[in-house]
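Working notes, structure below.
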Amino acid sequence: MSHDVHLRTIGTQALHPESLMMGYGYNPALSEGAVKCPIFQTSTFVFESAEDGKAFFELAYGLREPNPGERPGLIYSRINNPDLEILEDRLCIWDEAEACATFASGMAATTTVLLASLRPGDVVLFTAPIYGGSDHFLHHVLPNWNVEAIAIPAGERPEPHEESLRSVIGGRPVGAVLIETPANPTNGLTDIAAMAAMARRLGTVDRPPVVVVDNTLLGPLWQQPLKHGADIVVYSATKFIGGHSDVIAGAALGSAAAMAPVRALRTFLGSMLSPMDGWLLMRSLETLKMRMTAAMKNAGYVARFLKQHPAVETLHYLGELDEGDPMHELYQRQCTGPGSLIAFEVRGGEAAAFRVLNALKLVRLAVSLGGTESLAEHPASMTHADVAKDAQARFGITPGLVRLSVGVEHYEDLIADLAQALENA
């Protein structure tokens with residue numbers, strides 16, 4: 001039986017991503033016929049000849065362009081590894097990307113992409129609120145390299161901010177734009193195409209800003225940022241892609257040209273994913289669509305329950321946007337599903353929110369999201385505790401806000417748990 005490891009069609013039928021996740025990029029004949037890719041738990045690889053070693057290093061360090069059909073050979077697992085190469089091939093399918101690099105965490109992906117894009121004296125624009133770890137890196141690490149981070153509110157059109165931004169930037173280079181959409185934890189949507197266009201107007205022709213979208217909250221299923229003007233999309237693959245709360249991982253994807261400096265910097269920062277974690281992500285990719293679809297359906301039921309509950313002051317969920325909401329049209333144009341992350345404000349502030357969280361029985365009180373189990377947390381004092389209090393207030397991280405990641409349990413059980421917990425509000 002012949003085996004085309006990059007088979008994408010059968011006759012006239014283009015194979016769907018969920019089918020390709022089962023074997024794309026892997027040849028069982030190279031691994032004793034094992035139907036699943038083994039874990040290549042090795043630090044280094046044997047060259048068949050000195051000439052091969054020379055050729056492999058030439059490509060790895062960019063000393064020459066590859067010959068037609070030539071692929072980089074295996075050298076050392078800090079540079080490449082079969083598990084990571086196959087995983088990266090499969091991740092490219094969902095986002096229709098040319099190249100992918102996987103990392104030891106979502107923060108490793110985000111920080112490596114930003115460090116590859118920025119220079120001392122640059123400005124980086126970002127949407128706020130944003131994940132707490134990213135916020136810390138922007139405000140407390142990048143200033144050490146003389147890079148200033150400037151916020152743009154998520155959930156608003158970017159164009160009205162353009163003139164004020166131009167004044168604040170003051171002629172400095174805009175090296176990168178980091179967009180998290182939907183925003184963590186408020187679900188505020190940002191128009192990727194409009195932000196990319198504005199960034200390029202604020203940048204220069206000879207060095208246009210790198211537009212980076214953190215797509216963690218909708219995963220690769222419900223939003224594809226590269227189709228809307230992003231240069232690079234990043235993920236905390238810990239979340240939906242991993243999806244079982246048992247692995248820490250990250251990924252960055254884009255065109256081959258956009259990813260080349262990122263992959264080169266990853267080699268020297270040493271921030272790549274381990275073979276074992278790469279194997280775990282390949283396992284998870286096989287059920288990604290089923291898990292994300294089930295969780296999204298559950299979230300719809302839960303959101304409708306929360307929307308009418310008297311203890312809930314405000315609901316933030318993309319599946320419950322009113323047609324008059326400014327984000328409704330953008331959601332219809334940019335997203336293919338609302339995902340399974342819900343934020344809701346409990347009447348009574350932090351004390352009431354804590355009483356609700358402490359009363360949960362089935363939903364786990366823990367940070368993270370996108371796993372098979374439902375998780376709830378208090379952003380203002382937990383994931384976003386390091387965000388300045390005035391910024392929390394300005395960008396909607398209120399004392400009563402609870403973030404709920406809906407899992408794959410039965411939705412009636414989740415509603416029952418939330419109902420009894422909200423009685424304590």
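Numbers at a glance
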item: The stretch 40-74 - residue that is under 22 Å from LEU280 (Cα atoms) and among the β-branched types (Val, Ile, Thr) and, of those, nearest to the chain's Cα centre (by Cα); result: THR42
item: The stretch 279-329, residues that are closer than 17 Å to GLY371 by Cα and touching a strand residue (DSSP E or B) at 6+ places or on another chain (Cβ under 7 Å); result: ALA299, VAL302
item: Matching residues in the stretch 364-408 - criterion: being surrounded by fewer than 23 Cβ atoms within 10 Å (Cβ to Cβ) and farther than 21 Å from ALA154 by Cβ; result: ARG364, LEU365, ALA366, GLY371, THR372, GLU373, LEU375, VAL408
item: Where a residue in the stretch 112-133 is part of a strand (DSSP E or B) and its partner, wherever it lies, is among the aromatic types (Phe, Trp, Tyr), with Cβ under 7 Å and at least six apart; result: ALA128/PHE395
item: Residue satisfying condition, being under 18 Å from LEU422 (Cβ atoms), among the hydroxyl-bearing types (Ser, Thr, Tyr) and surrounded by fewer than 21 Cβ atoms within 10 Å (Cβ to Cβ), within set THR336, THR293, THR314; result: THR314
item: Residue satisfying all of: in the stretch 155-181; modelled with pLDDT under 95 and small (Gly, Ala, Ser); nearest to ALA258 (Cα to Cα) among these; result: GLY171
item: Failed criterion for GLU156 (all others in (1) crowded, with 22+ Cβ neighbours inside 10 Å; (2) in a loop (DSSP other than H, G, I, E, B) hold); result: (1)
item: Scope the stretch 86-96; condition crowded, with 24+ Cβ neighbours inside 10 Å and outside any helix (DSSP H, G or I); matching residues; result: none
item: Conditions (1) outside any loop (DSSP other than H, G, I, E, B); (2) at pLDDT below 95; number of the one not met by ARG207; result: (1)
item: Residue match in the stretch 238-250 (condition: assigned by TED's automatic domain parsing to the domain that holds THR111, surrounded by 24 or more Cβ atoms within 10 Å (Cβ to Cβ), under 12 Å from the mean Cα position of the chain (by Cα) and over 18 Å from LEU281 (Cα atoms)); result: no
item: So ARG201, is it of a type in the set (Lys, Arg) and part of a loop (DSSP other than H, G, I, E, B); result: no
item: Selection count where residues are surrounded by fewer than 21 Cβ atoms within 10 Å (Cβ to Cβ), assigned to a strand (DSSP E or B), among the hydrophobic types (A, V, I, L, M, F, W, C) and free of Cβ contacts under 8 Å to residues at least 40 places away in the same chain, scope the stretch 134-153; result: 1
item: When residues of the stretch 210-254 are limited to those that are small (Gly, Ala, Ser) and assigned to a loop (DSSP other than H, G, I, E, B), the one nearest to ARG364 (Cα to Cα); result: SER245
item: Those residues of the stretch 32-61 which are loosely packed, with under 10 Cβ neighbours inside 10 Å and either assigned to a loop (DSSP other than H, G, I, E, B) or at positive phi (or both), in sequence order; result: GLU32, GLY33, VAL35, SER43, VAL46, GLU48, SER49
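The values are calculated or read from the model by the stated rules, or taken from the named source; none is laboratory data. Because the structure is predicted, anything quoted here is derived from the model rather than measured. Because the Cβ atoms are built from the backbone with ideal geometry, glycine has one as well, and the counts that use them run over all protein chains shown.
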